[in-house]
Amino acid sequence: MSSPYDGNHAAGRLLAWVSGDGLVSCTPTEDPLLAADSWLVEDGAVRALTWHERRFKIACQQSGCGLADDLRAFWAEAVSVLPRHGRWFPRVELTAAALPQLRLRIRPAPARAGQVRVWVATDRDQRRLPRRKGPDLPWLSRIRGRAAELGADEALLTTSTGLLLEAAHSSVLWWEDDTLCVPSPTMRLLPGITTGLIQQEARRRGLDVRPRRCRLDQLSGREAWLVNALHGIRPVGAWIGANIPPGEPDRVRAWRSWWEHLLEPLHADKESDAAAISETALVCGRGVTLASDLPPLPLTSERFVPLREI
């Protein structure tokens with residue numbers, strides 16, 4: 001495929017990677033996900049696409065799929081066929097069919113939300129691989145469905161002792177005076193691209209970024225955000241199921257302006273920005289160390305990058 005899909009021609013397309021033939025249309029199936037990644041495309045522009053590429057390749061490598069030789073070509077062609085007009089929310093996938101298969105879903109982007117109402121989930125965290133995006137998406141979608149039934153937009157996950165983790169499809173951040181706080185990366189968290197970008201920018205501005213292990217009541221009256229690639233920065237407007245007042249979203253406008261300026265154009269003919277993951281990549285404990293020629297993933301800690309999803 002040498003030219004991008006466009007408009008209605010692209011909507012709802014599912015393309016599968018066939019070695020030697022490239023991306024071909026295929027019939028939608030609900031095969032289990034081994035890995036996945038998604039990002040927002042607005043009129044042919046994206047944010048931090050190289051970070052999404054790197055995270056997806058790490059997830060594929062972790063799955064043991066054995067498709068390392070195809071990953072780079074798949075990614076380059078997937079980017080080349082994305083629509084250059086309109087708002088889209090494509091997803092790359094590695095599925096566990098009879099044989100592992102790389103796929104691209106070209107999906108229209110849902111409307112962007114402003115404030116977010118967050119239900120504090122009472123269900124036990126049932127994620128099996130919280131640091132890899134993909135395998136737990138069905139359960140996360142169900143828990144967010146529960147939130148919608150209760151009038152909320154998202155579901156907040158906590159540990160068995162009530163410590164904040166993240167939302168079903170978003171990372172959590174909050175402000176304590178001029179300090180940006182995030183859940184400790186030593187916990188069961190996905191390495192979020194959007195929270196990583198925000199933390200990086202906060203440090204560039206000379207602000208303190210502090211990992212915390214805290215409970216929801218410690219956010220009472222504080223400005224809190226849910227962030228992800230689709231919606232960007234959303235201030236929490238209500239905590240559903242908890243008697244906690246939200247804080248005023250004093251910083252959102254300025255930070256959203258910064259976020260909008262991160263858009264960069266897609267390049268249909270440009271070879272993938274990130275080199276293929278080295279076979280010498282070392283995965284150990286909660287962190288990952290990769291070949292030095294790869295661009296950095298967003299850091300959620302000064303010490304290591306947890307292998308997490310968004």
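Overview of values
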{"read-out": "Number of positions in the range 113-136 that are closer than 28 Å to LEU94 by Cα and either crowded, with 19+ Cβ neighbours inside 10 Å or not assigned by TED's automatic domain parsing to the domain that holds ASP250 (or both)", "value": "9"}
{"read-out": "Qualifying residue in the range 171-182 (condition: within 30 Å of GLY66 (Cβ to Cβ) and either of a type outside the set (Lys, Arg) or within 23 Å of the chain's Cα centre (by Cα) (or both))", "value": "no"}
{"read-out": "Residue ranges of strands (runs of 3 or more DSSP E) in the range 87-142 with at least 1 members under 22 Å from LEU14 (Cβ atoms) and not β-branched (Val, Ile, Thr)", "value": "91-96, 100-106"}
{"read-out": "Test: residue in the range 196-214 that is out of contact with any helix residue (DSSP H, G or I) (no Cβ under 7 Å at 6 or more places or on another chain) and more than 30 Å from THR50 (Cβ to Cβ)", "value": "yes"}
{"read-out": "Residue list for the range 78-102, restricted to those being in contact with a strand residue (DSSP E or B) (Cβ under 8 Å, 6 or more places away or on another chain), surrounded by fewer than 16 Cβ atoms within 10 Å (Cβ to Cβ) and in contact (Cβ under 8 Å) with a residue 60 or more places away in the chain", "value": "none"}
{"read-out": "1 or more residues assigned by TED's automatic domain parsing to the domain that holds GLU176 and modelled with pLDDT of 95 or more: qualifying strands (runs of 3 or more DSSP E) within the range 195-310", "value": "208-212, 224-228, 232-240"}
{"read-out": "Out of ARG84, ARG72, sole residue that is in a loop (DSSP other than H, G, I, E, B) and more than 25 Å from HIS169 (Cβ to Cβ)", "value": "ARG84"}
{"read-out": "Qualifying position, being touching a residue at least 40 places away in the same chain (Cβ under 8 Å), of a type in the set (A, V, I, L, M) and either closer than 27 Å to TRP259 by Cα or assigned to a loop (DSSP other than H, G, I, E, B) (or both), among LEU165, LEU157", "value": "LEU165"}
{"read-out": "Condition met for ALA68 (more than 16 Å from the chain's Cα centre (by Cα) and surrounded by fewer than 18 Cβ atoms within 10 Å (Cβ to Cβ))", "value": "yes"}
{"read-out": "Pairs where the first residue, in the range 5-32, is assigned to a helix (DSSP H, G or I) and among the small types (Gly, Ala, Ser) and the second is at pLDDT 95 or above and surrounded by 11 or more Cβ atoms within 10 Å (Cβ to Cβ), C-beta under 7 Å, 6+ apart", "value": "GLY7/PRO83; GLY7/HIS85; GLY7/GLY86; ALA10/PRO83; ALA10/ILE106"}
{"read-out": "Counted residues, the range 137-181 - those being of a type in the set (D, E, K, R) and exposed (fewer than 15 other Cβ atoms within 10 Å of the Cβ)", "value": "4"}
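The values are calculated or read from the model by the stated rules, or taken from the named source; none is laboratory data. Here the structure is a predicted model, which is why all the values come from computation and not from measurement. Backbone-built Cβ (ideal geometry, glycine too); neighbour counts: all protein chains shown.
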